[in-house]
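First up is the structure itself, then whatever we jot down about it.
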Amino acid sequence: MPSRILIITEKPSSARKIAYALDDSGSPRNAKYGKVSFYVADRGDDELVVVSAVGHLYSIEQEGGGWTYPVFGIKWTPTYTQSKRASYTKQYLDAITGLAQNMDGYVSACDYDQEGSLIAYNIIKHGIGDKALVKSRRMLYSTLTTKELVSAWGSMSSSLDFPVIAAGKARHEADWLFGINLSRALTISARSFIDYKKVLSIGRVQGPALKFVYDLEQSVQSFIPIPYWKVSAETVIDGITYSLEYEKPRLEREVHAKDVADACRGKTGKAVEIKTEESRTPPPPPFNLGDLQREAYRHFKMNPSATLEAAEKLYLGAYISYPRTESNKIPPSIDVKDILENLSKNPVYMVEVKELISQKRFRSRPGKGDDPAHPAIHPTGQKPRRLKPEEQRIYDLIVRRFLASLGKPLVQLKTDVTVDVNGHLFFMRGVLTQRQGWAQVYAPYYMSKDQHIPEIKKGQDIPVTKLSTRRQYTKPSPRYNASSLVRKMEQEKIGTKATRSNIVDTLYYRGYIKGQSIFVSELGEKIVETLERYCPEIIQVKLTRDLEEELEYIAAGNKDAETVFSDVVAELKPILTKFKENEIQIGRSMSNTIQNKPAEENIACCKICGHERVDTSVFCHRHHVAYANIEAGYQQWRYALGYQWLEYLEKLVKVSGSGNYAKEIITDILG
DNA sequence: GCAAGGTC
Ligand SMILES: [Zn+2]
């Protein structure tokens, strides 16, 4: 019996590829439902209709009205009914539900992940109907190649993956409950005291991301610079100056620096060891989204979300593969040779590409990242037309990185000469590139400089022609920028490749963080401190880890989504009650009007800033930490320079790098 | 008007 089967994909590009892969003659018919493209493929006696969603077509909405909290009643409704920005999704939902009539079966062919499973499920359940649900199967593939798609079609499961769907549902619902309720609690509290027009927000990912910035700010403001000494020296051989690198990059005492200077300045040493080694640097792996965003920030100072936007355009133009991937691997099923042959038609890359083809280098060096649904970012080979400057930069970066990942190692000859001057060791280093390898094609983005070194024989005299010692100070950890904050989120495993950079944008938009070199605003500080008191969970990474654990139980079939929902409600109830009871006080502490004034009469106050004291201290938490750092720093300064307490404090206020909290205390002590 | 997650 011939059947008619509807295949639902997550995005238009996969619908097209699936149709071409499954059609017996490789030429499916392309038609339109309204403005939406779909495909009809013949496979045996069956007729396959392939149509796509555009991500989630259903989302969570509040049951009933009212901008209040707590709110625990939710429903799943079409996304296009919820926001104007999503109105374009209506035509896709209409197309799917329209084409779904008179089908014998349904296939969920969305991306191979939890969200993909949920996307198709919601469409089938809410858009087509429960009857369709039992006639649905799940198709799983990691790469959109004909071979893999045909095999995925053949090994389809006989039903949908309901436990995974339940996990996705639970994730959405938990995030909605936490996010909406706490955002409203913050906003309404702030407005109970001042006329605050903007809206405040917080969530499972925003919370810890803001806390990362806040914590770094605290450590910068309490930082005490510690002095150290650096020795720089030079020698002249055959009229050319070379630098001599002292064996210890840092000296901890001024007297040590003086000892080195006395022993070595103007003296002549001997080359005691000469080591020459061949060093091979393997090619870098192809990009995942995070790597691409970091490299684009490094070279073009492009914001991570701007990079994603440019990559998105390149993908929609079919110039690069899907960019929202965590993978650093190009699987063998991808026809690298074919991509190279197409790329070789582009004069910009022709020379390097032809060399790779002639050397049969078709295996890309794999990196660490994995992604169940997409390979690493790579060019398709199609020559781009009319790119904007930013898109052109991103395209070039992606192509060169992909070509580099196919290349031979960079081979360099590294020479280290050890020079003994009165028992002190110095090094002379030389680097000579023997083969560029991958670094040739990646040259615009990889600085590998050769360092000339003369021929030196063991035992040869090496005069120290110049030697100086300089006092320097340790510096606080550098503040985050958008790129390094996204990386921190990656390292802490919060957010996803597609959302991290947007969530950083949200923190800016709310006014919680400011500057290219990111600092936390007063508002951001108040948000963190309020939540530390009323809902510390939401600013901790642990909430994500705990949720993930619950989701794993659900996906394994050992728990249901409803239990997680009621657990979250039970967790939120007392938190939101406390918020309600203290709205005015929270609002007051969030407003700026009481800045630097004692909080309440009967509470002991920090002698510097008037905030509440910590037990056993005359300071608030911040100034308490800063004072402890000042005391610890004194020990190191006394060792380094022999300074006395007052001398130390007077110097500290003048040194750049001393944190403001520390300076405030010192100013108070010095009067 | 609030989240985080898809994708245009
Ligand atoms: Zn204080």
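The values are calculated or read from the model by the stated rules, or taken from the named source; none is laboratory data. Owing to the predicted nature of the structure, the values given are computational and were not obtained by experimental measurement. Quick reminder, even Gly has a Cβ in these numbers, built from the backbone with ideal geometry, and neighbours come from all protein chains shown.
When you go through (1) free of Cβ contacts under 8 Å to residues at least 60 places away in the same chain; (2) in contact with a Phe, Trp or Tyr (Cβ under 9 Å, 6 or more places away or on another chain); (3) within 30 Å of residue A:247 (Cβ to Cβ) one by one for residue A:455, which number turns out not to apply?
Residue A:455 satisfies every listed condition except (2).
Would you tally the residues in segment A:296-341 being more than 16 Å from DNA strand B (Cβ to nearest atom) and among the β-branched types (Val, Ile, Thr)?
Result for segment A:296-341: 4.
Can you name every residue in segment A:244-291 that is surrounded by 20 or more Cβ atoms within 10 Å (Cβ to Cβ), part of a helix (DSSP H, G or I) and in contact with a helix residue (DSSP H, G or I) (Cβ under 6 Å, 6 or more places away or on another chain)?
Matches in segment A:244-291: A:290 only.
Could you look through segment A:626-671, keep only residues that are among the aromatic types (Phe, Trp, Tyr) and buried (at least 17 other Cβ atoms within 10 Å of the Cβ), and pick out the one that is nearest to the ligand (Cβ to nearest atom)?
The selected residue is A:661.
From the list A:29, A:85, exactly one residue is under 33 Å from the mean Cα position of the chain (by Cα), assigned by TED's automatic domain parsing to the domain that holds residue A:146 and either surrounded by fewer than 20 Cβ atoms within 10 Å (Cβ to Cβ) or touching a residue at least 60 places away in the same chain (Cβ under 8 Å) (or both). Which is it?
Going through A:29, A:85 in turn, the sole match is A:85.
Checking the condition near DNA strand B (Cβ under 9 Å from one of its atoms) and farther than 24 Å from residue A:168 by Cα, which residue from A:66, A:55 passes?
Criteria check complete, one pass: A:66.
Could you identify the single residue in A:372, A:379, A:463 that is more than 23 Å from residue A:360 (Cβ to Cβ) and at pLDDT 95 or above?
A:463
List every residue pair whose Cβ atoms sit under 7 Å apart, with the two residues 6 or more apart in sequence or on different chains, where the first one lies in segment A:626-647 and is closer than 26 Å to residue A:217 by Cα and the second, anywhere, is among the polar types (S, T, N, Q) and at pLDDT 95 or above.
Every condition considered, the pairs that remain are A:626/A:222; A:629/A:222.
Under 8 Å between Cβ atoms, which residue pairs at least 6 apart in sequence (or on different chains) link something in segment A:485-503 that is within 6 Å of DNA strand B (Cβ to nearest atom) with a partner that is among the β-branched types (Val, Ile, Thr) and modelled with pLDDT of 95 or more?
Listed pairs, sorted by first residue: A:495/A:205; A:495/A:503; A:499/A:205; A:503/A:205.
Consider residue A:350 against the criteria (1) within 16 Å of DNA strand B (Cβ to nearest atom); (2) more than 19 Å from residue A:282 (Cα to Cα): it satisfies all of them except one. Which criterion is unmet?
(1)
Determine whether segment A:467-481 contains at least one residue that is surrounded by 16 or more Cβ atoms within 10 Å (Cβ to Cβ) and closer than 24 Å to residue A:375 by Cα.
Within segment A:467-481, none of the residues are surrounded by 16 or more Cβ atoms within 10 Å (Cβ to Cβ) and closer than 24 Å to residue A:375 by Cα.
Sort through A:293, A:206 and tell me the only one that's assigned by TED's automatic domain parsing to the domain that holds residue A:371, within 22 Å of the chain's Cα centre (by Cα) and within 16 Å of DNA strand B (Cβ to nearest atom).
A:293
Considering only residues that are over 11 Å from residue A:466 (Cβ atoms) and loosely packed, with under 13 Cβ neighbours inside 10 Å, which ones fall in segment A:226-243?
Correct list: A:238, A:239, A:240.
Spot the failing condition for residue A:477; the list is (1) out of contact with any Ser or Thr (no Cβ under 8 Å at 6 or more places or on another chain); (2) part of a loop (DSSP other than H, G, I, E, B), and only one is missed.
(1)
Considering segment A:172-187 alone, what residues qualify as being more than 7 Å from DNA strand B (Cβ to nearest atom) and touching a Ser or Thr at 6+ places or on another chain (Cβ under 8 Å)?
A:186
Does residue A:364 meet the test of being in contact with a Gly (Cβ under 7 Å, 6 or more places away or on another chain) and modelled with pLDDT of 95 or more?
no
Considering each of A:36, A:50, A:54, A:40 in turn, give the residue that is over 38 Å from the mean Cα position of the chain (by Cα), among the β-branched types (Val, Ile, Thr) and within 17 Å of residue A:95 (Cβ to Cβ).
Matching residue, one of A:36, A:50, A:54, A:40: A:40.
I'd like to check something: does segment A:188-200 contain any residue that is in the same structural domain as residue A:539 (by TED's automatic domain parsing), more than 8 Å from DNA strand B (Cβ to nearest atom), surrounded by 21 or more Cβ atoms within 10 Å (Cβ to Cβ) and at negative phi?
The answer is yes; a qualifying residue exists.
Kindly indicate the residue of segment A:88-109 that is of a type in the set (S, T, N, Q) and modelled with pLDDT of 95 or more and also farthest from the ligand (Cβ to nearest atom) among those meeting that condition.
Checking each candidate, the answer is A:97.
Which number in (1) at pLDDT 95 or above; (2) out of contact with any Ser or Thr (no Cβ under 8 Å at 6 or more places or on another chain); (3) closer than 22 Å to residue A:386 by Cα marks the one condition that residue A:305 misses?
(2)
List the residue pairs whose Cβ atoms are under 8 Å apart, where the first residue sits in segment A:353-368 and is in contact (Cβ under 8 Å) with a residue 40 or more places away in the chain, the second is among the β-branched types (Val, Ile, Thr) and in a helix (DSSP H, G or I), and the two are 6 or more positions apart or on different chains.
The qualifying pairs are A:362/A:336; A:363/A:336; A:364/A:336.
Has segment A:143-164 got at least one residue that is within 16 Å of DNA strand B (Cβ to nearest atom), within 18 Å of residue A:564 (Cα to Cα) and out of contact with any strand residue (DSSP E or B) (no Cβ under 8 Å at 6 or more places or on another chain)?
Yes, the conditions are met somewhere in segment A:143-164.
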